[in-house]
Amino acid sequence: MSSDARVTAWVHGYVQGVGFRWWTRSRALEFGLTGYARNTSDGRVQVVAEGPREKCERLLALLRSGDTPGQVDLVVEDWGEPTGQYTGFEER
């Protein structure tokens, strides 16, 4: 059994206005993760996901897979302890 984790991913590339946050939310919900995906003012998308570590890793792998909407150039990840503050996964 894996422990829960929190990953914050900064997704660089052509990822705004292409359905990227909706797609990310759909994948996260499939994995049972909580958190959010939001656009940032510099053109990136910030993804915060909490849940079983292997599910967070699967979401990260999908973000990097090349099968996302738009064009992902780089994903920078930061791992931490889950806060448990989210009840679903939302687009912000």
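Readers should treat all values here as calculations from the given coordinates under stated rules, not as data from a laboratory. No experiment lies behind these values; they were computed from the predicted model shown. Because the Cβ atoms are built from the backbone with ideal geometry, glycine has one as well, and the counts that use them run over all protein chains shown.
Quick notes
- Convex hull (Cα only) mean projected area of the chain, reported in nm² to one decimal: 5.3
- The charge dipole of the chain, taken about the Cα centre with unit charges on the Cβ atoms of Lys, Arg (+1) and Asp, Glu (-1), comes to about 180 debye, rounded to the nearest 20.
- A Gaussian network model of the chain, with springs between Cα atoms under 10 Å, assigns the largest mean-square fluctuation among Leu74, Leu33, Leu60 to Leu74.
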